[in-house]
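Structure, as structure tokens:
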Amino acid sequence: MIQTQAQTSDLQLIEKTISHYFDGMINHNAESLTKAFHPTATMKWNGEKYMEVNALEALTDYVNSNEAVKTKTSIVAINIVGDAANAQLNLEYETFSFVDFMHLMKIEGEWKIISKTYTTVKKDF
């Protein structure tokens with residue numbers, strides 16, 4: 001029973017971390033992104049070529065230099081084992097969606113995103 005309670009607590013804490021990420025992306029709130037990401041977190045994706053950057057720096061630069069747009073967010077799945085977790089998230093925009101795969105670790109009692117890998121899915125009209 002204790003492990004189940006710990007899992008529930010960790011799930012709630014991970015959802016809180018993800019809500020900081022969503023707030024940062026929806027409202028272009030760099031402070032919320034800082035609450036969600038570990039300072040050395042990475043972000044990886046395929047664009048014209050494979051890219052890898054510091055996630056917090058790149059996302060903070062993005063939200064500070066662009067206007068917020070309507071975004072619908074959802075958590076698709078969360079998996080937790082001990083002090084490690086992963087989450088699949090969806091950020092839906094007018095013509096496309098970002099599908100994020102986040103890796104999180106419990107560091108000094110706080111769940112932080114340590115890496116983000118994403119892909120873009122275009123909407124069919």
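No lab work stands behind these numbers, since they all come straight from the coordinates. This is a predicted model, so every value here is computed, not measured. No Cβ is skipped: glycine too gets one built from the backbone with ideal geometry, and neighbour counts run over all protein chains shown.
Observations, loosely collected:
- For Cα extents along the principal axes in Å, the value calculated from this model appears in [x] 41, 26, 26; [y] 48, 32, 28; [z] 47, 21, 20 under label [y].
- Angle in degrees between helix 55-65 and the longest Cα principal axis of the chain, rounded to the nearest 10: 50 degrees
- Counting lysine pairs in region 2-122 that sit 8 or more residues apart in sequence, or on different chains, and whose Cα atoms lie under 25 Å apart gives 27.
- Helix axis angle, 2-27 relative to the chain longest principal axis, alpha carbon, degrees: 20 degrees
- Distance distribution note for region 72-125: the fraction of Cα pairs above 13 angstrom is 61%.
- Annotation: the residues LEU91, LEU59, sorted from fewest to most other C-beta atoms within 10 Å of their own C-beta, follow the order LEU91, LEU59.
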